[in-house]
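Below: one structure, written as structure tokens.
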Amino acid sequence: MHRRGEAALRGAAASAAVLLSAGVLAGCQAKDGAAGPAVRISKAPQQAPQHAPQPPAKPSTAPAHTNAPPKPVKPVQPAHKPEAAQPVAQAVRMAPGARGAHVRELQARLRQLGLFHRNPTGYYGPVTAGSVTAFQKQRGMPRTGKVTDGVLSALRARTHEPTRSELYPPTTR
């Protein structure tokens, strides 16, 4: 009776190791807890670990004829079908919080079109984001308030290179 219990325990440990390694390969992250290994499933993408956790080796006390090697188990691959061709997301070049000469040029170009009603500051804040959104709406683009290559090229095609006085207009006290 005692040997049968040990064999069942070894089989359960091997099954747990297979399931654990399959979970790690599918994007889950293994954590060692006090009661044993636990699997945490997250919606956020995880980096694959460098190696799958190995169960501790236990000395065998069962007779040799019952100690057959386990059959290899293939890891479960998630069924992932590529979806229909979706538009490729463009890299964001400027977004709220950006600062610098490139933002000042953006503001000056938006001002040329009558979409930015202030002097260029070089800071991409809510007013600039609103002006970019208005430009995107005019052009039939997705209204994100962020500048991508497509937005920038459309803006440059409809405006001229800002002059120094457009970039740094005189201020009054």
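Computed from the coordinates by the stated procedures, all read-outs in this text should not be read as laboratory data. Worth saying up front: this structure is predicted, and the values here are computed from it rather than measured. Heads up, the Cβs are rebuilt from the backbone with ideal geometry, glycines too, and the neighbour counts pull from every protein chain shown.
Results, tabulated for the structure shown:
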item	result
Point-to-point label distance, THR144-THR163, nm (Cα→Cβ direction, 7 Å offset)	3.4
Projected label distance in nm at THR121 and SER153, using a 7 Å step from Cα toward the beta-carbon	3.1
Ranked by how many other beta carbons lie within 10 Å on average, peptides 92-98, 130-136 from highest	130-136, 92-98
Charge tally in the Cβ shell below 10 Å around LEU155, where Lys, Arg are +1 and Asp, Glu are -1, LEU155 excluded	+3
